Amino acid sequence: MTKEELREKLQKIRCFVLDMDGTIYLGNRLFPYTPAFLQAVTRSGREYCYFTNNSSKNAAAYLQKLERMGIPVREEKMLISNGVIIDWLNHNCPGKSVYLVGTPDLEEAFRLGGIPLTDSEPDLVVLGFDTTLTYEKLSKACRFVREGKPIYGVNPDLNCPVEDGFIPDCGSMAALIHASTGVMPEFFGKPSRYTLQYLLSHTGCREDELAVVGDRLYTDIKVAEGTEVTSILVLSGETKLEDLKNSPTQPDIVCRSLEDLTEILEELA
């Protein structure tokens, strides 16, 4: 895509939905070009918000992390896959109890969202990215699934990028449960249509006014597939340029990083 084509593509965008890990930072290291990009978005008269599939933390934890990195953000601009499934459960399974395989932060998000939690005879099972996973939790989840309880996954990511590589994410934990029970959870984070509707609702944008930016083909980019949403792949995280050759999911725009977008946005200011 030429610079002119890129400028034309970005002209109609009202809001950028930014992935976090691998896009604006890696682990605990903020990418040096992130502040300039955020400033360029604002100067151009556009909006941005964050959406992360990482269900191991709640909004408060991410707000504190960004504050420490020097990029404070309003609470309503911090969107997480947790919120997608909590909204869905409240609308479709009101009052039903959940056995939650997740971190204390995820448990707190569910409680604040009004979801009753239990570790005995739940109505359904929810699996998150549990960095506190134990064999006991796993065994209970599998037992409940074998008893016929439906299981839902917060996010389908196989790996979470960290400073020294990757660690297993919710999708890998779901694969373990599937291997044991024969049941794979239905997922709610990117790239599900649940997430797309959540984003459209929270931003107030039409599809063609929204751009999703991220480093993963199978979540960040795939959520826009078959829609008018613009997908922007950055090569600062999980996906490498050679991965595009055999991928059925292709982004509208490919950038080395957010830095490539900053100059264009400054021209649109």
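Pro191 - would you say it is within 18 Å of Pro161 (Cα to Cα), modelled with pLDDT of 95 or more and out of contact with any strand residue (DSSP E or B) (no Cβ under 7 Å at 6 or more places or on another chain)? Yes: the conditions hold for Pro191. Selection over segment 258-269 of residues that are in a loop (DSSP other than H, G, I, E, B) and either without any contact (Cβ under 8 Å) to a residue 40 or more places away in the chain or more than 18 Å from the chain's Cα centre (by Cα) (or both) gives a count of 1. If only residues of segment 106-126 that are outside any strand (DSSP E or B) and surrounded by 20 or more Cβ atoms within 10 Å (Cβ to Cβ) are counted, the one that is farthest from the chain's Cα centre (by Cα) is Pro122. From the list Val183, Val162, the one residue that fits, being surrounded by fewer than 21 Cβ atoms within 10 Å (Cβ to Cβ), under 16 Å from Thr52 (Cβ atoms) and not assigned by TED's automatic domain parsing to the domain that holds Val17, is Val162.
A single entry from Arg206, Arg216 fulfils the requirement of being of a type outside the set (S, T, N, Q), buried (at least 18 other Cβ atoms within 10 Å of the Cβ) and in the same structural domain as Arg7 (by TED's automatic domain parsing): Arg216. Inspection of segment 89-99 identifies at least one residue that is exposed (fewer than 12 other Cβ atoms within 10 Å of the Cβ), in contact (Cβ under 8 Å) with a residue 12 or more places away in the chain and not charged (D, E, K, R). Hey, does segment 215-228 have a residue that's in contact (Cβ under 8 Å) with a residue 40 or more places away in the chain and more than 25 Å from Pro35 (Cα to Cα)? Yes, that holds for at least one residue.
Among the residues of segment 233-253, those identified as touching a residue at least 60 places away in the same chain (Cβ under 8 Å) and either touching a helix residue (DSSP H, G or I) at 6+ places or on another chain (Cβ under 6 Å) or of a type in the set (A, V, I, L, M, F, W, C) (or both) are Val234, Ile253.
Rundown of residues vs (1) within 14 Å of the chain's Cα centre (by Cα); (2) crowded, with 18+ Cβ neighbours inside 10 Å, yes/no style:
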| residue | (1), (2) |
| --- | --- |
| Tyr48 | no, yes |
| Ser55 | yes, yes |
| Ala59 | yes, yes |
| Lys65 | no, no |
| Pro72 | no, no |
| Met78 | yes, yes |
| Ile85 | yes, yes |
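Suppose we filter Ile232, Ile253 for residues that are under 26 Å from Ala36 (Cβ atoms) and under 15 Å from the mean Cα position of the chain (by Cα); which single one remains? After ruling out the rest, the residue left standing is Ile232.
From the residues in segment 248-269 that are in contact with a strand residue (DSSP E or B) (Cβ under 7 Å, 6 or more places away or on another chain) and buried (at least 17 other Cβ atoms within 10 Å of the Cβ), which one is nearest to Leu18 (Cα to Cα)? So, considering only residues that are in contact with a strand residue (DSSP E or B) (Cβ under 7 Å, 6 or more places away or on another chain) and buried (at least 17 other Cβ atoms within 10 Å of the Cβ), the one nearest to Leu18 (Cα to Cα) is Leu258. Has segment 131-149 got at least one residue that is closer than 18 Å to Glu186 by Cα, surrounded by 16 or more Cβ atoms within 10 Å (Cβ to Cβ), in the same structural domain as Val183 (by TED's automatic domain parsing) and within 20 Å of the chain's Cα centre (by Cα)? No, because not a single residue in segment 131-149 is closer than 18 Å to Glu186 by Cα, surrounded by 16 or more Cβ atoms within 10 Å (Cβ to Cβ), in the same structural domain as Val183 (by TED's automatic domain parsing) and within 20 Å of the chain's Cα centre (by Cα).
The values are calculated or read from the model by the stated rules, or taken from the named source; none is laboratory data. Computed from a predicted model, the values in this text were never measured in an experiment. A quick note on method: Cβ atoms are made from the backbone with ideal geometry, for glycine too, and the neighbour counts reach across all protein chains shown.
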